[in-house]
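Notes to accompany the following structure.
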Amino acid sequence: MTIGIRLSPLAEIPATTLYRILWLRVSVFVVEQEAAYPELDGRDIEPGALLAWAEEDGAVLGTLRLLDEGERWRIGRVVTSAAARGRGVGADLMSRAIDDALERDAARPFVLDAQEHLADWYGRFGFIQSGPPFVEDRIPHIPMERPADAAV
């Protein structure tokens with residue numbers, strides 16, 4: 001079966017697909033990781049915000065959010081369903097989002113807040129630690145940046 005990677009503003013995503021994307025985020029971030037915070041934070045509808053998702057036979061296997069913050073790109077809400085972990089879905093999503101942003105404006109760096117245990121994984125995409133670790137919702141995080149001129 002073929003996994004398709006899509007990238008779109010929220011308003012252009014079919015309702016059923018959007019529901020599956022948001023359901024996955026809540027299932028992992030709120031339920032699985034027991035982080036009781038508002039998953040729907042308003043940033044998905046900001047101008048320039050894009051959602052990427054991996055889909056196979058109508059099922060959403062993973063998703064992430066790419067935000068246009070003017071001077072930089074911000075990647076967040078990177079999540080893969082338990083059933084799809086280990087299949088390269090997250091890596092495919094990261095590559096697609098980075099490539100898309102670079103086509104739009106390659107002069108800007110990328111930033112993200114990585115869960116600490118995933119910092120090395122993000123390093124595969126050129127991200128390096130950019131500040132001190134912090135804890136958000138009882139989960140250790142590391143701020144990371146991918147310089148504008150990073151080639152991976």
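The values are calculated or read from the model by the stated rules, or taken from the named source; none is laboratory data. All values reported here derive from a predicted model rather than from experimental measurement. Please note: Cβ atoms are built from the backbone with ideal geometry, for glycine as well, and neighbour counts cover all protein chains shown.
Results, tabulated for the structure shown:
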item	result
Residue match in region 7-23 (condition: over 16 Å from the mean Cα position of the chain (by Cα), surrounded by 15 or more Cβ atoms within 10 Å (Cβ to Cβ) and not aliphatic (A, V, I, L, M))	yes
Failed criterion for Ala119 (all others in (1) surrounded by 15 or more Cβ atoms within 10 Å (Cβ to Cβ); (2) without any contact (Cβ under 8 Å) to a residue 40 or more places away in the chain; (3) over 16 Å from the mean Cα position of the chain (by Cα) hold)	(3)
From Val60, Val28, residue being touching a Lys or Arg at 6+ places or on another chain (Cβ under 6 Å), more than 23 Å from Arg104 (Cβ to Cβ) and touching a residue at least 40 places away in the same chain (Cβ under 8 Å)	Val60
Residues of region 99-117 that turn out to be modelled with pLDDT of 95 or more, closer than 16 Å to Val79 by Cα and not small (Gly, Ala, Ser), as a count	3
Listing of strands (runs of 3 or more DSSP E) fully contained in region 1-112 that carry 2 or more residues being farther than 26 Å from His141 by Cα	4-8, 50-56
Condition met for Arg43 (more than 13 Å from the chain's Cα centre (by Cα) and in contact (Cβ under 8 Å) with a residue 12 or more places away in the chain)	no
For Ala83: the one exception among (1) out of contact with any Ser or Thr (no Cβ under 6 Å at 6 or more places or on another chain); (2) hydrophobic (A, V, I, L, M, F, W, C); (3) crowded, with 23+ Cβ neighbours inside 10 Å	(3)
Filter result (over 16 Å from Phe127 (Cβ atoms) and among the aromatic types (Phe, Trp, Tyr)) within region 51-87	Trp53
Count of residues meeting criterion [of a type in the set (Phe, Trp, Tyr) and either modelled with pLDDT under 95 or farther than 19 Å from Ala91 by Cα (or both)] in region 118-146	1
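Yes/no per residue for (1) within 19 Å of Ala119 (Cα to Cα); (2) modelled with pLDDT of 95 or more; (3) touching an Asp or Glu at 6+ places or on another chain (Cβ under 8 Å):
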| position | (1), (2), (3) |
| --- | --- |
| Glu12 | no, yes, no |
| Val30 | no, no, yes |
| Ile45 | no, no, no |
| Ala49 | no, yes, yes |
| Glu55 | no, yes, no |
| Leu61 | no, yes, yes |
